[in-house]
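Report on one structure; see the data block that follows.
Just so you know, all these numbers are worked out from the coordinates, no wet-lab data involved. On a predicted model such as this, the values are computed, not experimentally measured, just so you know. Neighbour counts are summed over all protein chains in view; Cβ atoms, including those assigned to glycine, are modelled from backbone coordinates with ideal geometry.
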Amino acid sequence: MDPLSQLPIPLLSWYRDNARDLPWRREPDPYRIWVSEIMLQQTRVAAVLGYYARFMDAFPTVADLAAAPEDQLMKLWQGLGYYSRARNLQKAARQIMEDHRGVFPADYAAIRALAGVGDYTAGAIASIAFGQPVPAVDGNLLRVTARILGDGTDITTAKGKKHFTEALQAVMPLDAPGKFNQAMMDLGATVCLPNGAPLCDRCPAKAFCLACQAGRTGELPVRPAKKPRRAEDRVVFLIFRAGQVALRKRPDRGLLAGLWEYPNDLAPAEGFLAEHGIQADCLSFGGAGTHIFTHVEWHMTARVVSAAGSELPEGWVWAGRDAWSETYAIPSAFAPFRDIVEEHLR
């Protein structure tokens with residue numbers, strides 16, 4: 001017997017006793033499920049909870065999100081990373097308002113057509129909110145499925161994802177697709193772990209999981225080795241004047257697109273201040289920090305600058321303490337310098 005076909009009954013029984021208590025599960029509202037799933041991309045559940053609560057307080061409906069000022073949206077998202085997710089949320093909210101009269105679409109294809117919504121997110125919303133039997137295939141479901149089947153197909157390829165999606169589609173219970181997807185998510189997040197040894201003794205699939213029986217859980221799922229990240233040495237300029245700090249807006253495309261940052265450049269950054277017309281009364285060391293993005297690492301050294309004049313280049317602003325803390329979205333990449341900036345803004 002196909003081991004995956006044996007999964008639904010014990011999995012749903014396990015889920016009844018072990019489901020995580022998450023705020024977006026208490027009300028199976030498509031808007032709330034959608035926001036939570038977008039936030040959870042590349043982010044741990046524990047890190048999302050506070051952001052989700054604040055986001056829902058600020059934007060309780062699709063209409064509120066569609067009408068929100070971008071700076072407010074970015075500030076609420078500050079620290080979650082992958083900021084294009086927030087922009088796509090708002091773009092999709094406006095699609096819903098314009099194309100669906102403000103009502104969240106119930107059809108999988110229409111959900112999939114929203115900005116920033118992929119196969120996984122569309123499957124999660126369609127199954128959980130609308131009871132449609134569509135797998136929500138993310139890393140958790142791919143890992144669990146590959147191990148149960150003892151299947152060495154590369155999960156990162158389109159062919160591999162299609163292969164495992166079809167396998168899940170064949171066993172998904174038509175009367176509980178949302179619970180099945182959520183159970184698989186929880187199983188992958190809490191038992192069939194991605195890093196370190198899975199907790200097979202706690203797994204409802206232990207009796208028929210081929211990877212467990214063959215001692216191959218460490219080998220599966222199969223994915224290619226990640227390419228090494230590029231390293232960049234950067235100099236960050238913390239420029240102060242009259243209780244304010246200089247910020248500049250990043251370009252609308254690329255890394256950290258459209259967010260505010262402390263001016264910086266590739267090391268050694270000699271002549272950077274002069275090139276931008278900044279006259280410095282004094283320079284001192286402002287600390288160091290490292291931030292790891294998906295494809296690049298920033299190794300940063302900060303310089304504290306006391307500016308002699310108030311003129312700034314186009315796209316730069318002076319931010320006082322209130323604006324710095326409440327208005328401008330500054331990426332967490334610059335968190336190592338938060339304390340020294342705060343000290344200078346007192």
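At-a-glance table
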item: Of all DSSP beta bridges in the range 230-344, antiparallel share, percent nearest 5; result: 65
item: Semi-axis lengths, Å, the range 78-173, gyration tensor of Cα atoms, sqrt of 5 times eigenvalues; result: 28, 17, 10
item: Principal-axis tilt of helix 30-40 within the chain, Cα atoms, nearest 10 degrees; result: 70
item: Base-10 log of normalised Debye intensity for the range 240-346 (one unit scatterer per alpha-carbon) at q = 0.15, 0.20, 0.21 Å⁻¹; result: -0.64, -1.23, -1.37
item: Ranked packing of 23-36, 178-191, most packed first, by mean Cβ within 10 Å; result: 178-191, 23-36
item: Spin-label pair GLU270/GLU311, simplified geometry with 7 Å Cα→Cβ offset, distance in nm; result: 2.5
item: Gyration tensor over alpha-carbon atoms, the chain, equivalent ellipsoid semi-axes in Å; result: 45, 24, 16
item: Estimated [θ] at 222 nm from DSSP helical runs (n ≥ 4, -39500 (n - 2.57)) normalised by residues in the chain, nearest 500; result: -12000 deg cm²/dmol
item: Beta bridges by DSSP in the chain, antiparallel share as percent, to the nearest 5; result: 65
item: Anchor LYS226: lysines whose Cα lies under 22 Å away (excluding residues fewer than 8 positions away in-chain); result: LYS159, LYS161, LYS162
item: Length added when fully stretched, ALA63-ALA231, from 0.36 nm per residue minus Cα-Cα; result: 56.3 nm
item: Whole-Å distance, taken between Cα centres, linking the range 284-342 and the range 200-230; result: 42
item: Nearest 10 degrees, 0 to 90: helix 158-171 Cα axis against the chain principal axis; result: 40
item: Extension gain, ARG44 back to ASP175 (0.36 nm per residue minus Cα-Cα distance, nm); result: 44.2 nm
item: Angle in degrees between helix 139-149 and the longest Cα principal axis of the chain, rounded to the nearest 10; result: 30
item: For GLN213, net neighbour charge (Lys/Arg +1, Asp/Glu -1) across residues whose Cβ lies under 12 Å away; result: +3
item: Mean separation of Cα contacts under 8 Å, 6 or more apart, over the residue count of the chain: relative contact order %; result: 17
item: Sorted by Cβ neighbour density within 10 Å, fewest at the top, the residues LEU199, LEU220; result: LEU199, LEU220
